[in-house]
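Let me begin by presenting the structure, written as structure tokens, before commenting on it.
What follows draws every value from the coordinates through simple rules; no lab data is involved. It should be emphasised that the depicted structure is a prediction, and the values quoted were computed from it without experimental measurement. Please note: Cβ atoms are built from the backbone with ideal geometry, for glycine as well, and neighbour counts cover all protein chains shown.
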Amino acid sequence: MSKFSDHNFSGQKALVRVDFNVPLDDKFNITDDTRMSATIPTIKKILSDGGSVILMSHFGRPKDGPADKYSLKHLVKHLHELINADGGNTIKVFFADDCIGEQASLTANMLKPGEVLLLENLRFYKEEEMGDKAFAEKLSKLGDVYVNDAFGTAHRAHASTAVIAQFFANDKKMFGLLMESEVLSAEKVLHQAEKPFTAIIGGAKVSDKIMIIENLLQRATDIIIGGGMAYTFLKARGGNIGNSLCEDDRLQTALDILEKAKEKNVSIHLPEDSVIADKFAADANTEICPSDGIRAGWMGLDIGPKAIGIFSEVIRNSKTILWNGPMGVFEMEKFQNGTKSVALAVADATANGAFSLVGGGDSVAAVNQFKLADKVSYVSTGGGAMLEYFEGKVLPGIAAIKG
Ligand code: AMP
């Protein structure tokens with residue numbers, strides 16, 4: 001692979017896989033453009049070298065070929081604004097209403113240095129998700145070099161994220177700046193973590209997070225478990241959890257994890273107390289009680305003040321922090337204190353020199369909501385990809401380039 005910042009794109013057409021799978025409202029306005037704005041430095045570097053940029057992305061989950069709702073044409077105007085936000089000479093942004101075929105090739109061929117072309121949604125072809133080699137080869141013909149800047153889809157072995165790399169020589173394929181910083185941050189946490197290393201794992205389901213916990217048991221010194229998934233652990237230990245979330249088929253798994261943690265000398269921190277509610281609703285009645293003594297009919301929807309104190313202390317003493325998943329139902333104001341307090345503790349630890357990586361859709365939404373995104377070391381743009389990376393899996397999008 002080639003190093004992006006060392007590569008001179010002058011006179012070259014760079015085929016850049018991005019993740020422009022941004023949320024739209026019903027009037028096709030972009031409600032969160034993080035994924036688009038995160039790729040602008042990559043695009044700009046290619047253009048300022050004197051290269052041209054051909055962007056390809058998936059968008060939504062179209063089932064049966066082209067559909068207006070899933071067209072990337074809705075993003076062109078905003079892309080133009082983002083690319084031209086810093087003033088200077090206007091950079092042209094073209095759109096091809098197909099990602100392969102005659103129109104795509106013609107437009108790509110006509111592209112001049114300093115210009116940008118966005119191709120139509122890759123998933124209008126089922127071959128994209130199938131990882132079809134012939135489709136990948138057709139895409140590869142559009143550019144001279146291949147740049148993968150789509151960490152969000154790095155865990156998929158799709159045509160444009162992995163299979164395509166084989167059609168480019170080693171010095172003609174590379175990570176973009178976003179992908180590079182995602183990979184560097186993830187590697188830093190997984191392979192060069194300074195200790196104490198605390199993993200904060202939350203969210204709804206134990207079953208989604210078993211593999212990441214198992215892998216982190218080999219590396220972390222402390223694992224904080226919060227959110228709905230904590231109650232399966234608490235019940236497994238003999239606690240009364242009332243109507244709290246519980247996966248009864250995972251009780252033994254929870255016990256096995258607690259046992260393994262003991263063997264490995266990893267401290268697992270479960271919430272000592274909880275904010276309980278008499279219904280799953282924003283206007284529920286609430287009380288604080290021990291997390292293993294929740295009475296029938298009530299449910300734990302956030303960690304309580306004692307848990308916040310203990311978790312915050314562990315976090316503030318850490319040198320490396322990985323956070324995936326909220327501590328409670330933070331979408332409702334009554335149950336957001338735990339997640340907010342944990343976010344503040346992560347920000348404090350970071351200010352004191354810790355390296356903190358936040359990933360996973362809901363924890364990222366939480367740090368954004370509490371305006372703390374710039375107070376942590378790195379916010380990952382790839383939820384599923386990040387989870388799989390920390391489960392110890394090889395990500396096809398990374399392997400295809402690294403070889
Ligand atoms: P996940 O997608 O597994 O990371 O779960 C995130 C979701 O878990 C969020 O929508 C939270 O509202 C939800 N959640 C967190 N804590 C709880 C809880 N104690 N009870 C029910 N849902 C929860």
Notebook entry, point to check: Do you know the relative contact order of the range 193-390, to the nearest whole percent, from alpha carbon pairs under 8 angstrom that are 6+ apart?
Noted result: 21
Margin query: Which log10 I(q)/I(0) values does the range 137-282 give at q = 0.13, 0.14 Å⁻¹ under the Debye formula, counting every alpha carbon as one identical point scatterer?
Written below: -0.75, -0.80
Check: Separation between the Asp348 and Ala169 pseudo-spin-labels, each 7 Å from Cα along Cα→Cβ, expressed in nm?
Finding: 5.6
Checklist line | Distance between modelled label sites at Ser37 and Ile91, nm, 7 Å Cα→Cβ extension | finding: 1.6
Check: Between the range 102-160 and the range 284-301, what is the C-alpha centre distance in whole Å?
Finding: 51
Note to self: Once each part is reduced to its C-alpha centroid, what is the distance from the range 166-227 to the range 1-22 in angstrom?
What the structure shows: 24
Next item on the list: Please tell me the relative contact order of the range 4-176 in percent, rounded to the nearest whole number, where contacts are Cα pairs under 8 Å and at least six residues apart.
Entry: 27
Notebook entry, point to check: So how many Å³ per residue does the convex hull of the Cα atoms of the range 268-354 work out to?
Noted result: 84
Notebook entry, point to check: Based on the alpha-carbon gyration tensor of the chain and its eigenvalue square roots a ≥ b ≥ c, which shape applies: rounded if a/c is under 1.5, prolate if not and a/b is larger than b/c, or oblate?
Noted result: prolate
Notebook entry, point to check: Using the alpha carbon gyration tensor of the range 193-390, what are the three equivalent-ellipsoid semi-axes (square root of 5 times each eigenvalue), largest first, in whole Å?
Noted result: 24, 20, 15
Next item on the list: For the range 36-80 and the range 341-403, write down the distance between their C-alpha centroids in whole Å.
Entry: 24
Margin query: I need the peptides 236-247, 217-228 ranked by packing, meaning the mean over residues of other C-beta atoms within 10 angstrom, with the highest value on top.
Written below: 217-228, 236-247
Margin query: Just to confirm a number: summing +1 for Lys and Arg and -1 for Asp and Glu over residues other than Phe370 whose beta-carbon lies under 15 angstrom from that of Phe370, what do you get?
Written below: -3
Next item on the list: Give me Met56, Met130 ranked fewest to most by other Cβ atoms within 10 Å of their Cβ, as a rough exposure proxy.
Entry: Met130, Met56
Notebook entry, point to check: What ranking, highest mean first, results for peptides 85-95, 70-80 when packing means the other Cβ atoms within 10 Å averaged over each residue?
Noted result: 70-80, 85-95
Next item on the list: Would you kindly state how much longer the chain becomes between Asp26 and Asp278 on full extension, computed as 0.36 nm times their sequence separation minus their alpha carbon distance, in nm to one decimal?
Entry: 87.3 nm
Note to self: Per DSSP helix of 4 or more residues, -39500 (n - 2.57); summed, then divided by the residues of the chain. What does that give at 222 nm, rounded to the nearest 500?
What the structure shows: -10000 deg cm²/dmol
Margin query: Students often check this: by mean Cβ neighbours within 10 Å, which of 345-352, 16-23 ranks highest, and how do the rest follow?
Written below: 16-23, 345-352
